[in-house]
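The values are calculated or read from the model by the stated rules, or taken from the named source; none is laboratory data. Note that the structure is a prediction, hence the values are computed from the model and not measured. Note: ideal-geometry Cβ built from the backbone for every residue, glycine included; neighbour counts use all protein chains shown.
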Amino acid sequence: MRSRSSLLKIEQFYSALLNNRRDLFVYLPPGYGEESGRRYPVLYVHDGQNIFHPAFNGYSWNLHETADRLVQNGLMEEIIIVGIANMGMQRSDEFTHELEGVDYLRDKVDIRPIGQLYEQFITDELMPYIDSLFRTKKGPEHTAMMGSSRGGQVTYHIGMRRPDLFGKLAILSPYFYCVDPVTLEEARQYHTWTDKVPLSRIWIDSGSCEGTLILEKHVREATESLLRLGYKPDDELVYYLDPTGTHSEKDWAARVASPLLHMFGVKGAPAKLSLEGEEIAGIRGPEMRLNPITEFDSGFKMSLLRADYAAEDGTILEMREDGTLVPGREGETAVKVSYGGLSATRSIRVAGELKEHVTLELLVHVPADTPETAALYSWIPLRREAGEPGLYSARLTVPLNAAFEYRISRGDGAVEADQAGQAVTRFYKAEADGRLELTVHSWKNPR
């Protein structure tokens, strides 16, 4: 009988460089215990306490389950996965490099950037330790790094700085900009390289429902900067915009098979092509881009960075190869995209003008037992309305089509609950000016 994979926990690994201790979580593939002379590629993953086990929000990447499934189905080679636990309050410091373009002084939290030191901890302390303890394959062609959010930001910086060690990167929902959710002021958090470095595989993705925390335009901006360096689109550099993806471990878990296949597996053949995105564009207003998603017979998914497009009526709309819509006149026309012998069509209406932002009045009624001093949040802080017991509100502008999955929560950790006592998750998409009035019936207190 073939062995099963195993998970190990290395407690309190000490870094002399950072003068701290953290846990490490190690996945050993099914064949590791059977073939004593075999060596394995290694994937290093940030926020390691969340990749095999539930995070604070109850969700996990379940990376071990996905790796097991891909190996069992013959789609991916066996690899070792090393989860590097973050240090809680020090996470933002460790994941931030002090580089040109990284405007950490305007981040939403106070940051003391020690990303270079965290990088050195990984390269000079952690990797030699892992290599001494496990049967690893060395060299950038066998070594990868993955992370999400700020972990995606630090993966990008370390990978681009150390291609001599890491040849493959998976960058999920990267924190490339700090966007103030109230003022919408933007502060860039990533460095732009001017020369291509020898990376064989890069995966970058984002979700359409990450609100203003991660805006797709920022992730695509960084992706396009890499394309200009010469990485081959849809080959060396793969991008995916998840149409329903939120900023959560459950959504990273749902799509993590694709970056694993990109770095260590077999994608197979294109089996399905769909054309996602908004159905209306303006002659004046925000730039719109379609999202052509190719699904392969392995289950691998990617959004085409470059494709063949054709608009049925070119006077209404023209298309760029990157999916950008160039409206010409008002009207409606079909757009067709083709790739790998497949095609998909979507109808697009062109209007005279679309607003860049919508205005929202958000009203939240809370139960009578809510402490009067309670701070309240949706995706932004809410303020108590003077003279209106139990009423909180916010008035704000939101980027057109920005979508949010959120919970109404209190500063003490309590969240909105339904009649069964389960936490309530809400959804909002900024499609038009409006008023959103919500009622919280009860609270679920933190454990």
(request) Kindly establish whether ASP234 is in contact (Cβ under 8 Å) with a residue 60 or more places away in the chain and of a type in the set (Asp, Glu). (result) yes
(request) Look through ILE214, ILE204 and report the one residue that is in a loop (DSSP other than H, G, I, E, B) and surrounded by 21 or more Cβ atoms within 10 Å (Cβ to Cβ). (result) ILE214
(request) Please find, among ASP322, ASP313, ASP308, the residue that is surrounded by fewer than 22 Cβ atoms within 10 Å (Cβ to Cβ), more than 20 Å from TYR231 (Cα to Cα), at pLDDT 95 or above and of a type outside the set (Val, Ile, Thr). (result) ASP313
(message) With in contact with a Phe, Trp or Tyr (Cβ under 9 Å, 6 or more places away or on another chain) and closer than 30 Å to ASP412 by Cα as the only criterion, which of ARG383, ARG395 stands out?
(response) ARG383
(request) Would you check if there is a residue in region 141-159 being surrounded by fewer than 19 Cβ atoms within 10 Å (Cβ to Cβ), assigned to a strand (DSSP E or B) and assigned by TED's automatic domain parsing to the domain that holds GLU94? (result) no
(message) If I filter region 79-97 for residues that are surrounded by 13 or more Cβ atoms within 10 Å (Cβ to Cβ), aromatic (Phe, Trp, Tyr), farther than 17 Å from TYR175 by Cβ and touching a Gly at 6+ places or on another chain (Cβ under 9 Å), do I get at least one hit?
(response) no
(request) Specify which of the listed residues (ALA271, ALA257) is among the small types (Gly, Ala, Ser) and surrounded by 17 or more Cβ atoms within 10 Å (Cβ to Cβ). (result) ALA257
(request) Could you figure out which of (1) free of Cβ contacts under 8 Å to residues at least 12 places away in the same chain; (2) under 15 Å from MET302 (Cα atoms); (3) not aliphatic (A, V, I, L, M) isn't true of THR183? (result) (2)
(message) I'm told LEU376 meets every condition in (1) surrounded by 12 or more Cβ atoms within 10 Å (Cβ to Cβ); (2) over 22 Å from HIS247 (Cβ atoms) except one. Can you identify the failing condition by its number?
(response) (2)
(request) Give the residues of region 71-117 that are in a loop (DSSP other than H, G, I, E, B) and acidic (Asp, Glu), sorted by residue number. (result) GLU77, GLU78, GLU98, GLU100, ASP103, ASP107, ASP110
(request) Test GLY413 against the criterion of being surrounded by 15 or more Cβ atoms within 10 Å (Cβ to Cβ) and at positive phi, and give yes or no. (result) no
(request) Given the conditions (1) in contact with a helix residue (DSSP H, G or I) (Cβ under 8 Å, 6 or more places away or on another chain); (2) free of Cβ contacts under 8 Å to residues at least 60 places away in the same chain; (3) within 19 Å of HIS46 (Cα to Cα), report the number of the one that MET146 does not fulfil. (result) (2)
